[in-house]
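Notes to accompany the following structure.
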Amino acid sequence: MRKDLNKLAESSVPRKKRRRNSDVYNKLYTSVKEASIAAASKSSNIQIVSKARVLENPPVQIRC
């Protein structure tokens, strides 16, 4: 029985390491994806053509 417990304890260590490594990988992958999206969304050729108007009395929407 002691051998079985030792074997079980040894097998749980790599499992924990794999889970932790997987978590780290997923966090890094998410960060890289977010960074690439942020970099792609930055454009330097955007200009304001005209300011938006604020309506004093916005239209009322009727739902059926």
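At a glance:
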quantity: Residue count, the stretch 14-64 (criterion: assigned to a loop (DSSP other than H, G, I, E, B) and of a type outside the set (A, V, I, L, M)); calculated: 15
quantity: Filter result (open to solvent by less than 100 Å² (accessible area, probe 1.4 Å), among the polar types (S, T, N, Q) and modelled with pLDDT of 80 or more) within the stretch 34-57; calculated: SER36, SER50
quantity: Single condition SER31 does not satisfy, out of (1) modelled with pLDDT of 85 or more; (2) open to solvent by 100 Å² or more (accessible area, probe 1.4 Å); (3) not hydrophobic (A, V, I, L, M, F, W, C); calculated: (2)
quantity: Residue match in the stretch 4-14 (condition: open to solvent by 100 Å² or more (accessible area, probe 1.4 Å) and either touching a Leu at 6+ places or on another chain (Cβ under 9 Å) or at pLDDT 75 or above (or both)); calculated: no
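The values are calculated or read from the model by the stated rules, or taken from the named source; none is laboratory data. These figures come from a predicted structure and were not determined experimentally. Counting neighbours? That spans all protein chains shown, and the Cβs are built from the backbone with ideal geometry, glycine included. Heads up: the accessible areas ignore ligands, DNA and RNA and are worked out on the full protein's heavy atoms, side chains in. Shrake-Rupley method; radii C 1.70, N 1.55, O 1.52, S 1.80 Å.
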